[in-house]
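Below is one structure, written out as C-alpha cells, with a few remarks after it.
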Amino acid sequence: MKHTSNTMGNTLLLTQAAVIAALYLALFLPFQPIAFGPVQFRISEMLCVLPFFTPAGIPGVTIGCLLANFIGGAPLPDIVFGTLATLIGAVGTWWIGKTGIPHGKRLALLPPILSNALIIPFVLKYAYGVPDLVPFMMLTVGLGEVLAVGVLGSVLMGVLEKYGSAIFRSRQAL
C-alpha cells in the first residue's frame, strides 16, 4: 500500500495526540490528590502549551483531561465542562501559535489559564457543591493554572523550542 503525504501527516498527528494524552495521564495520576478542588494544582496542565507547536496537542490534552477526570472519579459535569475548559484553552493556544503574532509564546500561555480560571469555579460550585465562592475560586484555580501552565508550561515551551524540532514538525508542514 502506497502512503501519501496526507496519510503520513494524519498518522503523525494521531500518534502525537495519543502520546500527549498518555503523557497527560502519566503526569496526572501520581499527583491526583492535588488535581481537584477549589485549590488545585494539576501538573499535567503544563502540556496545554503543546498546541502551540502542533495541532495534535488539541486532541491530545483534551483526551488526556477527559480520561483524567473520568479516572479521577469526577462527576459528569466536571468530566464535560472541565474537559471543555481544557479544549478551549488548547484551541486558543493553537490559534495564537498559528497566527505568528508578536510575543505569541507568552500570549499562548493565557488561553488555558483563563479558560480554566473562568470555567472551573462554576464546575466546582455546581458539580461538587462547593460554597458560592466563585470569585475566590477564580483566583485559586487561576493561580494553580499560572503555576502549571505559566511556570512549568513555559519551561516546557523553552525546552521544546531548543530541542523539539525532531519531535514536532513545522506547523506549516501540517
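Checking [x] 52, 31, 30; [y] 75, 33, 26; [z] 57, 38, 24 against the coordinates, the calculated Cα extents along the principal axes in Å falls under label [z]. Provide the net charge surrounding residue 141, with neighbours chosen by a C-beta distance below 11 Å and charges set as Lys +1, Arg +1, Asp -1, Glu -1. Around residue 141, the charge tally is -1. Shown for 126, 163, 24: other C-beta atoms within 10 Å of each C-beta, ranked fewest to most, produce the order 163, 126, 24. Scanning the chain for helices, which whole DSSP H stretches are 30 Å or more long along the axis (Cα) and average 0.0 or more by Kyte-Doolittle? Counting only whole DSSP H runs, the qualifying helices are 5-28, 76-99. Per-peptide packing, taken as the mean over residues of other Cβ atoms within 10 Å, places 91-97, 72-78 in the sequence 91-97, 72-78 from highest down.
Ranked by the mean number of other Cβ atoms within 10 Å per residue, highest first, peptides 47-58, 112-123, 146-157 order as 47-58, 112-123, 146-157.
Given R0 = 22 Å, the distance between the Cβ atoms of residue 133 and residue 70 translates into a calculated FRET efficiency of 0.25.
No lab work stands behind these numbers, since they all come straight from the coordinates. All of these numbers come straight from a predicted model, not from anything done at the bench. Note that each Cβ is placed from the backbone with ideal geometry, even for glycine, and that neighbours are counted across all protein chains shown.
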